[in-house]
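Here's the structure, in structure tokens; my notes come after.
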Amino acid sequence: MLGWGVWALVAQTAVNAVVTVLLGWVSYPWMPKFRFNVPLFRSVFLFSISLVVTQLMWMLLARVQDIFISRWYGPVEVGRYRIAWRLIELIGQAVLAPIGSVSLVTLSRLQNDRVAFRNAYNKIVGAAALGTIPLLLGFGALSGDMIALLFGDKWGNAGDIATVLVLMSVPFVTNFFASSALSAVNRAESVLSVAALQLGATLVLTWLLVPYGVVAVAAGYTLRAWLTMPYQQYVLSKYAGIDAKGTFKAVAVPFCGAALMAICVWFAHPVIVEHVANRWISLALSIGLGAMIYAAFLPTFGRSAIRPYIALALSLLPSRRHADAQRT
């Protein structure tokens with residue numbers, strides 16, 4: 001609004017960092033002291049440095065493609081690619097981040113009980129998949145109109161990129177919680193190996209596919225997510241006792257329901273647009289149709305899979321907690 005242009009994004013980052021630090025200090029007032037505990041440092045160094053390097057690799061994983069695209073096609077195509085990522089990142093922050101913030105603590109408490117640890121991990125992944133996968137695939141089915149309405153018609157052609165990127169919905173969810181599980185069992189170096197493989201595969205596939213266009217780059221990123229997922233599951237099985245079969249079973253119902261919903265919306269949306277002139281209303285009707293299909297699929301085909309989550313949600317209701325307290 002003040003005409004800062006791109007520097008408004010720099011200001012946004014700076015303000016976000018300052019506010020986060022201030023809120024952190026209010027919640028947990030701590031000041032560093034002028035002394036250094038060498039034995040304590042040694043005990044946490046390897047674990048901490050592995051996590052730090054892993055975070056740097058994941059940051060590069062999300063940004064290295066921008067470098068290739070910028071060199072080949074210029075900043076406009078980088079903008080297209082980032083706009084396609086925008087709502088995908090928003091979905092991750094809205095659904096996955098709150099669950100992920102408590103997953104490490106929850107799993108750490110169960111690290112000595114492998115059965116409980118495995119069950120808790122699969123429940124966490126299943127709960128995340130219930131909300132994340134339908135949002136991703138639903139966005140992919142409507143990405144063209146959704147991006148055009150939210151960001152302007154000039155970005156509408158970013159919808160093809162978004163449609164390709166959301167096809168990695170399953171590894172997108174599992175990748176988010178794998179690091180928490182491995183960190184909980186003190187295997188941060190394994191998290192680093194997974195991140196290194198993902199970064200290396202992203203570099204190679206992007207280098208090979210960037211001459212074929214930005215959509216091909218997005219396809220390479222999606223392909224990388226699926227190709228590296230078996231190694232990630234192997235590491236989880238070896239060090240955390242989490243078998244791939246249980247994890248895929250946890251995400252199977254949400255994925256099947258979301259895929260059916262996305263296909264129906266993909267074909268229905270053009271018909272709705274033909275009969276409803278207002279773009280916002282037609283988009284809302286398509287979203288509502290998708291929500292109804294997904295909501296009908298879950299209790300019809302996945303009742304046993306969603307029953308634990310329904311019970312958990314009911315237990316969190318104030319009336320149910322009050323009744324439980326009276327019984328005890």
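Bear in mind these aren't lab numbers, they're just calculated from the coordinates by the rules spelled out. All values derive from a computational prediction rather than experimental measurement. Cβ sites come from the backbone with ideal geometry, for glycine too, and all protein chains shown count toward neighbours.
Ranked by the mean number of other Cβ atoms within 10 Å of their residues, highest first, the peptides 191-203, 127-139 come out as 127-139, 191-203. Taking a ≥ b ≥ c as the square roots of the eigenvalues of the Cα gyration tensor, region 110-253 is oblate, since a/c reaches 1.5 or more and a/b is not larger than b/c. When only alpha carbons are used to place a centre, region 235-298 and region 3-22 end up 35 Å from one another.
Counting helices only, and only those DSSP H runs with n ≥ 4, report the 222 nm mean residue ellipticity of the chain as the sum of -39,500 (n - 2.57) divided by its residues, in deg cm²/dmol to the nearest 500.
Working: 13 runs with 274 residues, N = 328.
About -29000 deg cm²/dmol.
Just to be sure I understand, if you calculate mean projected area of the Cα convex hull in nm² for this structure, which of [x] 15.6; [y] 22.5; [z] 18.9 do you get? Computed from the coordinates, mean projected area of the Cα convex hull in nm² corresponds to [y].
The charge dipole of the chain, taken about the Cα centre with unit charges on the Cβ atoms of Lys, Arg (+1) and Asp, Glu (-1), comes to about 1060 debye, rounded to the nearest 20. When the charge dipole of the chain is built from unit charges on Cβ atoms (+1 for Lys and Arg, -1 for Asp and Glu) and taken about the Cα centre, the candidate among Leu46, Ser101, Ala14 whose Cα reaches farthest toward its positive end is Leu46. Ordering Ala181, Leu142, Tyr212 by the projection of their Cα atoms onto the charge dipole of region 45-242, which places +1 on the Cβ of Lys and Arg and -1 on the Cβ of Asp and Glu, puts Ala181 at the extreme positive end. Put simply, when 276-289, 37-50 are sorted by average Cβ atoms within 10 angstrom per residue, most first, you get 276-289, 37-50.
For a protection proxy built on the mean count of beta-carbon atoms within 10 angstrom, sort 143-153, 180-190 highest first, please.
Working: 143-153: 16.5, 180-190: 21.1.
For the peptides 143-153, 180-190, the packing ranking is 180-190, 143-153.
Ordered by the count of other Cβ atoms within 10 Å of each Cβ, fewest first, Met1, Met292 give Met1, Met292.
Placing unit charges on the Cβ atoms of the charged side chains and taking the dipole of the chain about its Cα centre, the candidate lying farthest along the positive direction among Ile242, Met292, Cys256 is Ile242.
Mind checking the full-extension length gain between Phe34 and Asp113? Use 0.36 nm per residue of separation minus the Cα-Cα distance, one decimal, nm. Don't skip to the answer; put the middle values down first.
Details: separation 79, 0.36 × 79 = 28.44 nm, distance 3.95 nm.
Taking Phe34 through Asp113 to full extension adds about 24.5 nm, to one decimal.
Legend: ranking of residues Trp58, Trp7, Trp72 from fewest to most surrounding C-beta atoms inside 10 Å; resulting order Trp7, Trp72, Trp58.
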